[in-house]
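Below is one structure, written out as structure tokens; the observations come after it.
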Amino acid sequence: MSTDSLEASCHQLCLRRHRRTVLTGIDCAFKPFQLTAVAGPNGAGKSSLLAALAGVLTPSSGRVELGGRDAGQLSAVQRARISAYLPQAESPAWSFVAADLVGVGLLPWGRIANRQQRIHWALQQVDAGALAGRPVTHLSGGELRRVQLARLLVGEAPLLIADEPTAALDIRHQLQLMQTFRALAAGGKTVVLALHDLQLAARYCDRILLLEQGQLRAQGTPEEVLTPDLVSEVYGVSSSLRRRNGVTEFMPLDLLP
């Protein structure tokens, strides 16, 4: 299996958690050179879909394929080398300095000659170079999230999966991170993000998967998915979508009765 680029796909994916069905019949594909947002209201199944894609959760039925192979047949090391995953929330169990926590993302590759350069590069991508020597237990929530994102980026995995990566970040770092993900996708990575912020999804993503109550309601370009009619049905809000100076702009307007 080549690790230069990788297509991931779900085929009739169903998932049950805590005796409840959280995903039903999901068919979708995530391709190299594309930045994809998985969107939907709270409880729609976004985190569950990403966790199943990353191998953290095992499908109840259906399957996930990575590079054309059934993901369930891959070893843990194989999975770790082709996909990097950042969950929605995690707290460090030990007081690593930030650079060492980022270095954890390189473990699937064993000893590598340019380890320090890779760590430095990853920290720079999230504007966290100044945090390299600080214990992660002394960082703010936003600072810790940036270090965790650097750990996601540091390896050579062709598939990057991040659950709400912008949630703890200020506006500047949200935009910077989305630009980084956009550049990584342009370089051939397959990038999949769970996003609540539809404005960021519309501006930066090639495709959007819209989930509702564990089902795939729509998938396509931002213009195809974030239509006022569909957004009103799924979210219960009015909205507008326009293209200005080459940028797709989404704007929520008001609650609907």
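The values are calculated or read from the model by the stated rules, or taken from the named source; none is laboratory data. Predicted model, so just to flag it, every value in this text is computed and none were measured. Glycine gets a Cβ as well: all are built from the backbone with ideal geometry, and neighbour counts include every protein chain shown.
For this structure, a couple of remarks:
- Among (1) assigned to a helix (DSSP H, G or I); (2) farther than 28 Å from residue 231 by Cβ; (3) over 15 Å from the mean Cα position of the chain (by Cα), the one test that residue 152 misses: (3)
- Among the residues of segment 170-187, not one is more than 15 Å from the chain's Cα centre (by Cα), closer than 15 Å to residue 123 by Cα and among the aliphatic types (A, V, I, L, M).
- Residue check, residue 45 touching a residue at least 60 places away in the same chain (Cβ under 8 Å) and at positive phi: yes
- Top-ranked residue in segment 227-255 [being in a loop (DSSP other than H, G, I, E, B) and at pLDDT 95 or above; ranked as farthest from the chain's Cα centre (by Cα)]: 236
- Test: residue in segment 208-226 that is basic (Lys, Arg) and within 23 Å of the chain's Cα centre (by Cα): yes
- When restricted to residues that are surrounded by 15 or more Cβ atoms within 10 Å (Cβ to Cβ), within 23 Å of residue 74 (Cα to Cα) and of a type outside the set (Val, Ile, Thr), segment 25-45 contains 5.
- Looking only at residues of segment 102-141 that are assigned to a loop (DSSP other than H, G, I, E, B) and of a type in the set (A, V, I, L, M, F, W, C), we find that the one that is surrounded by the fewest Cβ atoms within 10 Å (Cβ to Cβ) is 113.
- Within segment 64-84, the only residue that satisfies the criterion of being farther than 22 Å from residue 28 by Cβ and not in a helix (DSSP H, G or I) is 75.
- Among residues of segment 140-159 that are within 20 Å of residue 183 (Cα to Cα), those with a Cβ under 7 angstrom from a residue that is hydroxyl-bearing (Ser, Thr, Tyr), sequence gap 6+ or separate chain, pair up as 156/3; 157/83; 158/3; 158/5; 158/190; 159/83; 159/190.
- A single entry from 22, 56 fulfils the requirement of being assigned to a strand (DSSP E or B) and either crowded, with 23+ Cβ neighbours inside 10 Å or among the β-branched types (Val, Ile, Thr) (or both): 22.
- Answer from 132, 157, 168 - the residue that is hydrophobic (A, V, I, L, M, F, W, C) and under 23 Å from residue 199 (Cβ atoms): 168
- If you check 90, 164 for being modelled with pLDDT under 90, within 17 Å of the chain's Cα centre (by Cα) and of a type outside the set (Phe, Trp, Tyr), only one passes: 90.
- Every residue from segment 215-236 that is more than 27 Å from residue 32 (Cβ to Cβ) and crowded, with 18+ Cβ neighbours inside 10 Å: 231, 234, 235
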